[in-house]
1. How many percent of all Cα-Cα pairs in the protein assembly as shown sit more than 31 Å apart?
2. Go ahead and estimate [θ] at 222 nm for chain B from helices alone: -39,500 (n - 2.57) per DSSP H run with n ≥ 4, summed, over the residue count, rounded to 500.
3. So, with +1 on the Cβ of K and R and -1 on the Cβ of D and E, and no other charges, what is the size of the charge dipole of the protein assembly as shown about its Cα centre, to the nearest 20 debye?
4. Convex hull over the Cα atoms of chain A, averaged projected area in nm²?
5. Sorted from largest to smallest, which semi-axis lengths in Å does the alpha carbon gyration tensor of chain B give for its equivalent ellipsoid, taking the root of 5 times each eigenvalue?
6. Expressed as a whole number of Å, what is the distance separating the alpha-carbon centroids of the stretch B:33-47 and the stretch B:142-160?
7. How big is the stretch A:45-100 on each of its three principal axes, counting only the C-alpha atoms and giving the largest first in Å?
8. Just for the Cα atoms in the stretch B:28-121, what are the lengths along the principal axes, largest first, rounded to whole Å?
Amino acid sequence: MSPIPASLLLSHALFAIGIYGILTRRHAIGILLAVELILNAAALNFVLLGRFFGQAQAQAFALFIIALAACEAVVGLAIIISLSRNAQTVFADHVRLLRG
Amino acid sequence: MIVAVAVALAALVLVSAVWVVTLKNLFRAALSLGLVLLGVAGLFIVLEAEFLAFVQILVYVGAILTLVVFAIMLTAKLQSPSPDVPASRQRLPAAAASLGLFAILAAATWPLGWPKAPSADAVSVAALGQQLVTTLVLPFEVVSLVFVAAMVGAIAIAAPRTPRAPAP
């Protein structure tokens, strides 16, 4: 039996748990942690299939995912720090300045 | 042997991923994210992608997680638990949505005809580096540009607004 479908189930589960975290967390940093889970699921998929089909570019794309996750975390945390300074809150649903 | 290691790492990843999204204490959730990242790095080693495993530990556990922990501590005084503000919301619809998504993804990928064994040798670091400077040189350079933009943007967003000194 091929080991790929079971391994894909792992990354699907990681992705679904990340979606659950995004939908339920109220704390902005908690949402950011869930996004990191989703990005890891994508990178794991790239590495798994790249190993089985012998593609070096798959690992390169996993590398790009890690790099862009770093950028995303930096900008997201800067926004959260600025939010906590200006709006005095870190909860994503307390920020309703632009809501009509 | 290698299957047992992979299964143990997968169990570690799944359990700590559930901790990441359910633990009330955000600091503990961040530490569980560290466990997830280490587990994924272990899975990279199982998949013979050693370079990526080291990059994962260096960048994710070393840099991003430290940053997240710093942000949690900087905003700690704003997240005091109050009874009228629950830590999470809409749990049941979210669980239904994510389970449905998982079922759709599993149903889409499970019946496909996958190969039983790897069709080629493991990708060497040399081949990866060669790809990065030949075929993928443009995305590689674009990523470095994105890094600079993110760094400048983060400093511009998070720097305190100091009143401009009056011109003499």
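1. Result for the distance tail: 32 percent.
2. -21000 deg cm²/dmol
3. 1000 debye
4. Mean shadow area of the hull around the Cα atoms is 7.6 nm².
5. 35, 28, 16
6. 28 Å
7. Principal extents (Cα only, largest first): 50, 21, 14 Å.
8. Per principal axis, max minus min of the Cα coordinates gives 55, 35, 12 Å.
Laboratory data are not the source of any read-out in this text; all were calculated from the coordinates shown. Everything numeric here is computed off the predicted structure, so don't read it as measured data. Here Cβ is always computed from backbone atoms with ideal geometry, including for glycine, and neighbour counts include all displayed protein chains.
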